[in-house]
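I am attaching a structure below and will ask some questions about it afterwards.
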Amino acid sequence: MVYIISFCVVVIGLAMFAAWYYKLFSKIQNTEQITAKLTIFQKSVEAHKDGIIILSDAGEIVFFNTAFQRLLKLKPVFNKDDLVHAKVFKLKSSEQINIETLVSKFLYRKNEESEFSISADLIIDNKETPVRIFLSSFPVNNKGKTVNYKIIDIGDLTHDIVASQRKQKDMVSNLPNQYKMIEDMSILITRMQDQNRTFALILLSLDNLSTIIAAFGHVKVETLLNRLSEGLKQSAKEMNCALYHVQSNDFVMIASDVHMADEIIKIVKAVEKNTNAILDFTNTHMRLTFSTGVSFFPKCGSSTEVLIDNTYKAIAEAKKKGDGLLVFARDVYSAKSTKHVLEILNEMHGAIANNEFVLFYQPIVDVQKDQITGAEALIRWRHPSRGLIPPIEFIPIAEKTGFIIELGNFIIEEAIRQQKRWETFRFNPIQVSINLSLREIETADIVFYIADMLKKYQINPSSIKFEITENLAMSNAEKAKSEFLSLKNLGVELSLDDFGTGYSSFAYLKDFSLDTLKIDRIFILDLVRNQDHQQIVKAMISLGHNLDLTVTAEGVEDKETYALLKEYGCDFVQGYLIAKPLPVFEFQELIRNEKSLVTGRL
Ligand code: C2E
Ligand code: CA
Ligand code: CA
């Protein structure tokens with residue numbers, strides 16, 4: 001717009017001047033006045049920041065200003081004709097047009113519109129320069145002959161583009177940037193305040209950026225950030241959020257009407273889903289993670305500055321605790337009206353000390369022996385007011401907030417202590433399976449902690465089995481491989497949980513020092529009716545056996561499924577057919593009366 005206006009000013013000025021000049025020249029013939037006016041004209045066009053050149057309709061240069069000379073990097077002294085006809089600069093546009101053709105096209109469009117403008121990249125000194133070119137003509141009568149003068153006005157857009165990008169878009173990802181976020185947030189705050197609504201500010205920060213740059217170089221990391229922004233765009237679309245790229249490795253999502261932690265977890269999960277493949281950077285088994293800081297409007301602040309500050313504080317805390325964690329801004333913790341899940345977050349910390357967490361045990365049957373030989377320890381939270389809370393409601397939050405380490409330690413000690421009790425009271429040998437989450441495996445001292453517990457309770461290590469899901473193991477396969485080996489060296493057994501839901505490579509299955517594949521219940525629940533699942537389960541069992549592993553099927557709910565699995569040679573089964581996860585005393589009752597119960601049901 002500024003260009004159009006300034007261009008018009010120049011054109012009108014020139015036209016007026018020319019008319020006036022002509023009038024003066026032919027009628028008044030006042031040479032002194034003419035010279036004075038000419039000087040004014042020349043100076044004003046000279047001072048214009050656009051490059052301006054005036055040509056006769058024969059293509060002769062009548063005038064050009066210094067900005068034109070500077071923009072095109074022309075030598076101070078040159079032949080006029082050279083300037084028009086020689087290819088001093090080339091125009092690169094969709095038509096591959098150069099200045100010569102441009103000018104000639106313009107020169108011969110006598111009967112067409114007398115003004116037009118184009119945007120193009122001029123190649124000047126081998127460098128692309130974005131410009132906007134205005135062309136116009138004006139007729140001047142001289143002694144009965146009309147000459148159509150052409151004005152070419154070239155505006156350099158480089159600075160404007162950079163300035164506007166700086167204002168609105170990130171240079172790498174082309175996503176709206178922090179300036180745009182601040183602008184949008186202040187509008188949003190006013191609107192949400194008026195309508196009594198909420199929103200969440202979610203800051204996602206790629207961890208260890210400097211290490212990644214050191215390892216892969218800037219160029220690759222820019223490509224990575226670009227690809228990540230694509231994954232984030234997809235997530236923002238799915239979760240109905242606005243997305244901004246606020247700094248090199250920091251992205252922000254704004255989710256309207258979101259005020260609960262579980263809604264945030266859904267968003268974070270969508271991000272994980274859409275960026276998982278990208279985060280497995282360059283197939284180097286280097287697993288990248290996002291730390292997440294969240295604050296809610298208006299709970300954590302009712303101004304842009306306070307909200308942003310609190311979100312950054314939350315992320316600083318997340319990064320301090322480790323990679324890939326989610327932390328909610330402080331104000332949320334202390335807010336009185338926190339919703340269900342936020343209360344869970346608060347209360348989880350005190351729940352271990354209050355003995356609110358308990359382990360339930362679900363029997364695992366040896367198919368050949370028709371006998372309970374194991375149990376999976378499954379955590380439950382006996383909440384004083386909410387009753388029994390299933391793990392699905394708090395394990396994901398515990399994993400995301402890092403609380404899983406504390407909780408995991410409790411679970412490991414509790415299961416090992418229980419195993420010791422069964423040994424002491426001479427129950428039939430029961431191998432206890434304990435679930436481990438990725439975050440637990442990633443902490444350096446988990447192996448030491450387990451070793452300590454085995455020593456403390458003096459139990460046979462092989463009476464403990466650790467279950468790690470296939471997805472978690474494969475998400476950082478190299479790390480998992482070495483951690484599995486360290487665990488195996490303690491003498492405990494290992495099982496790959498939820499097998500079939502991830503993508504294990506055969507090589508890793510061989511290298512993982514596993515004892516058991518545990519087929520995910522998704523394949524088992526409809527086994528009798530689903531022939532595809534029958535083929536898959538058969539293949540998984542033979543794969544396991546070929547690798548010298550035992551195979552467990554979970555989710556066995558009926559006798560027909562049990563019979564099929566027995567026919568396929570499956571080693572162990574677990575499921576509601578035998579029993580649901582039971583409190584320890586009920587589990588003990590079950591194994592005491594096992595013969596009648598199990599055989600009676602099967
Ligand atoms: P999982 O490790 O796959 O655990 C098996 C889940 O399947 C249990 O759900 C169990 O109750 C359920 N299940 C067992 N048999 C049947 C059946 O015949 N039919 C059906 N429909 N379901 C059956 P639960 O106890 O709710 O645990 C859910 C998940 O929570 C577990 O999945 C595990 O990923 C996690 N979890 C549970 N306890 C712990 C724990 O102590 N530590 C960790 N890190 N995660 C745990
Ligand atoms: Ca499990
Ligand atoms: Ca499982």
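Scan segment 477-494 and report the pairs whose first residue is in the same structural domain as Lys510 (by TED's automatic domain parsing) and at positive phi and whose second residue is exposed (fewer than 15 other Cβ atoms within 10 Å of the Cβ) and not in a loop (DSSP other than H, G, I, E, B), with Cβ atoms within less than 6 Å and a gap of 6+ or a chain change.
Gly491/Ser462
Report whether or not Ile372 is outside any strand (DSSP E or B), away from ligand 2 (no atom under 16 Å from the Cβ) and among the aliphatic types (A, V, I, L, M). Don't jump to the end; show me each part of the working.
Working: outside any strand (DSSP E or B): no; away from ligand 2 (no atom under 16 Å from the Cβ): yes; among the aliphatic types (A, V, I, L, M): yes.
Criteria not met by Ile372.
Another one. From Thr516, Thr469, grab the single residue that is farther than 25 Å from Leu288 by Cα, among the β-branched types (Val, Ile, Thr) and either buried (at least 18 other Cβ atoms within 10 Å of the Cβ) or not assigned by TED's automatic domain parsing to the domain that holds Tyr568 (or both). Outline the logic, then answer.
Working: Thr469 fails: farther than 25 Å from Leu288 by Cα.
Being farther than 25 Å from Leu288 by Cα, among the β-branched types (Val, Ile, Thr) and either buried (at least 18 other Cβ atoms within 10 Å of the Cβ) or not assigned by TED's automatic domain parsing to the domain that holds Tyr568 (or both) holds for just one of Thr516, Thr469, which is Thr516.
Ok, one more. Output the residues belonging to segment 247-263 that are touching a strand residue (DSSP E or B) at 6+ places or on another chain (Cβ under 8 Å) and over 21 Å from Arg191 (Cβ atoms). Give the steps one after another, and end with the answer.
Initial filter on segment 247-263 (touching a strand residue (DSSP E or B) at 6+ places or on another chain (Cβ under 8 Å)): 249-259, 261, 263.
Within segment 247-263, Asn249, Asp250, Phe251, Ala261 meet the criteria.
Which ones in segment 528-541 are open to solvent by less than 60 Å² (accessible area, probe 1.4 Å), under 22 Å from Ser495 (Cα atoms) and away from ligand 3 (no atom under 15 Å from the Cβ)?
Result: His533, Gln534, Ala539, Ile541.
So, one more: Please go through segment 376-402 and give me each residue that is surrounded by fewer than 21 Cβ atoms within 10 Å (Cβ to Cβ), within 12 Å of ligand 2 (Cβ to nearest atom) and either more than 34 Å from the chain's Cα centre (by Cα) or not in a strand (DSSP E or B) (or both), ordered by number.
Pro391, Ile395
Turning to a different aspect of this structure: Has segment 418-437 got at least one residue that is of a type in the set (A, V, I, L, M, F, W, C) and near ligand 1 (Cβ under 9 Å from one of its atoms)? Don't jump to the end; show me each part of the working.
In the first step, residues of segment 418-437 are kept if they are of a type in the set (A, V, I, L, M, F, W, C); the result is 422, 425, 427, 430, 432, 434, 436.
Narrowing the set further to residues that are near ligand 1 (Cβ under 9 Å from one of its atoms) leaves 434, 436.
Yes, the conditions are met somewhere in segment 418-437.
Still on this structure: Can you say whether Lys266 is out of contact with any Leu (no Cβ under 7 Å at 6 or more places or on another chain), more than 22 Å from Ser173 (Cβ to Cβ) and either charged (D, E, K, R) or open to solvent by less than 60 Å² (accessible area, probe 1.4 Å) (or both), as far as the supplied structure shows? So that I can check it myself, show each step before the final result.
Values: out of contact with any Leu (no Cβ under 7 Å at 6 or more places or on another chain): yes; more than 22 Å from Ser173 (Cβ to Cβ): yes; either charged (D, E, K, R) or open to solvent by less than 60 Å² (accessible area, probe 1.4 Å) (or both): yes.
The answer is yes for Lys266.
So in segment 200-224, with the set limited to residues that are under 27 Å from Ile187 (Cβ atoms) and not β-branched (Val, Ile, Thr), which one is surrounded by the fewest Cβ atoms within 10 Å (Cβ to Cβ)?
Selected residue: Ser205.
Does Lys518 satisfy the criteria of being among the basic types (Lys, Arg) and out of contact with any helix residue (DSSP H, G or I) (no Cβ under 7 Å at 6 or more places or on another chain)? Don't jump to the end; show me each part of the working.
Working: among the basic types (Lys, Arg): yes; out of contact with any helix residue (DSSP H, G or I) (no Cβ under 7 Å at 6 or more places or on another chain): yes.
Criteria met by Lys518.
Sort out which residues of segment 403-417 are open to solvent by less than 10 Å² (accessible area, probe 1.4 Å) and either over 32 Å from the mean Cα position of the chain (by Cα) or within 16 Å of ligand 3 (Cβ to nearest atom) (or both), and write them in order of number. Break it down into steps so the answer makes sense when it comes.
Initial filter on segment 403-417 (open to solvent by less than 10 Å² (accessible area, probe 1.4 Å)): 403-404, 407-408, 412, 415-416.
Result: Ile412, Ala415, Ile416.
Please verify whether Leu490 is out of contact with any strand residue (DSSP E or B) (no Cβ under 6 Å at 6 or more places or on another chain) and modelled with pLDDT of 90 or more, treating the condition exactly as stated. Write out each step before concluding.
Details: out of contact with any strand residue (DSSP E or B) (no Cβ under 6 Å at 6 or more places or on another chain): yes; modelled with pLDDT of 90 or more: yes.
Answer is yes for this residue.
Looking only at segment 225-234, which residues are in contact with a Leu (Cβ under 8 Å, 6 or more places away or on another chain) and open to solvent by less than 80 Å² (accessible area, probe 1.4 Å)? Break it down stepwise before answering.
Here is the first cut: in segment 225-234, the residues in contact with a Leu (Cβ under 8 Å, 6 or more places away or on another chain) are 225, 228-229, 232-233.
Once the filter is applied, which keeps residues that are in contact with a Leu (Cβ under 8 Å, 6 or more places away or on another chain) and open to solvent by less than 80 Å² (accessible area, probe 1.4 Å), segment 225-234 yields Leu225, Leu228, Ser229, Leu232.
Another question, if that's okay. Give the residue, chosen from Ala553, Ala563, that is within 16 Å of ligand 1 (Cβ to nearest atom) and touching a helix residue (DSSP H, G or I) at 6+ places or on another chain (Cβ under 7 Å).
Working: Ala563 fails: touching a helix residue (DSSP H, G or I) at 6+ places or on another chain (Cβ under 7 Å).
The match here is Ala553.
Specify which of the listed residues (Ala477, Ala507, Ala451) is of a type in the set (A, V, I, L, M, F, W, C), over 35 Å from the mean Cα position of the chain (by Cα) and more than 16 Å from ligand 2 (Cβ to nearest atom).
Values: Ala477 fails: over 35 Å from the mean Cα position of the chain (by Cα); Ala507 fails: over 35 Å from the mean Cα position of the chain (by Cα).
Residue meeting the stated conditions: Ala451.
So, in segment 365-397, of the ones that are near ligand 1 (Cβ under 8 Å from one of its atoms) and farther than 23 Å from Phe585 by Cβ, which residue ends up modelled with the highest pLDDT?
Here is the first cut: in segment 365-397, the residues near ligand 1 (Cβ under 8 Å from one of its atoms) are 376-380, 390-392, 395.
Still in the list and also farther than 23 Å from Phe585 by Cβ: 392, 395.
Details: Ile392: 81, Ile395: 88.
So, considering only residues that are near ligand 1 (Cβ under 8 Å from one of its atoms) and farther than 23 Å from Phe585 by Cβ, the one modelled with the highest pLDDT is Ile395.
Out of curiosity, is Ile446 among the β-branched types (Val, Ile, Thr), modelled with pLDDT under 95, more than 29 Å from Thr561 (Cβ to Cβ) and buried (at least 21 other Cβ atoms within 10 Å of the Cβ)? So that I can check it myself, show each step before the final result.
Working: among the β-branched types (Val, Ile, Thr): yes; modelled with pLDDT under 95: yes; more than 29 Å from Thr561 (Cβ to Cβ): yes; buried (at least 21 other Cβ atoms within 10 Å of the Cβ): yes.
When the stated conditions are applied, Ile446 passes them.
The values are calculated or read from the model by the stated rules, or taken from the named source; none is laboratory data. Keep in mind the model is a prediction, meaning the values are calculated, not measured. Ideal geometry is used to build each Cβ from the backbone, glycine not excepted, and the neighbour counts take in all protein chains shown. For the accessible areas, the whole protein counts, side chains as well, though only heavy atoms, and no ligand, DNA or RNA atoms are used. Shrake-Rupley method; radii C 1.70, N 1.55, O 1.52, S 1.80 Å.
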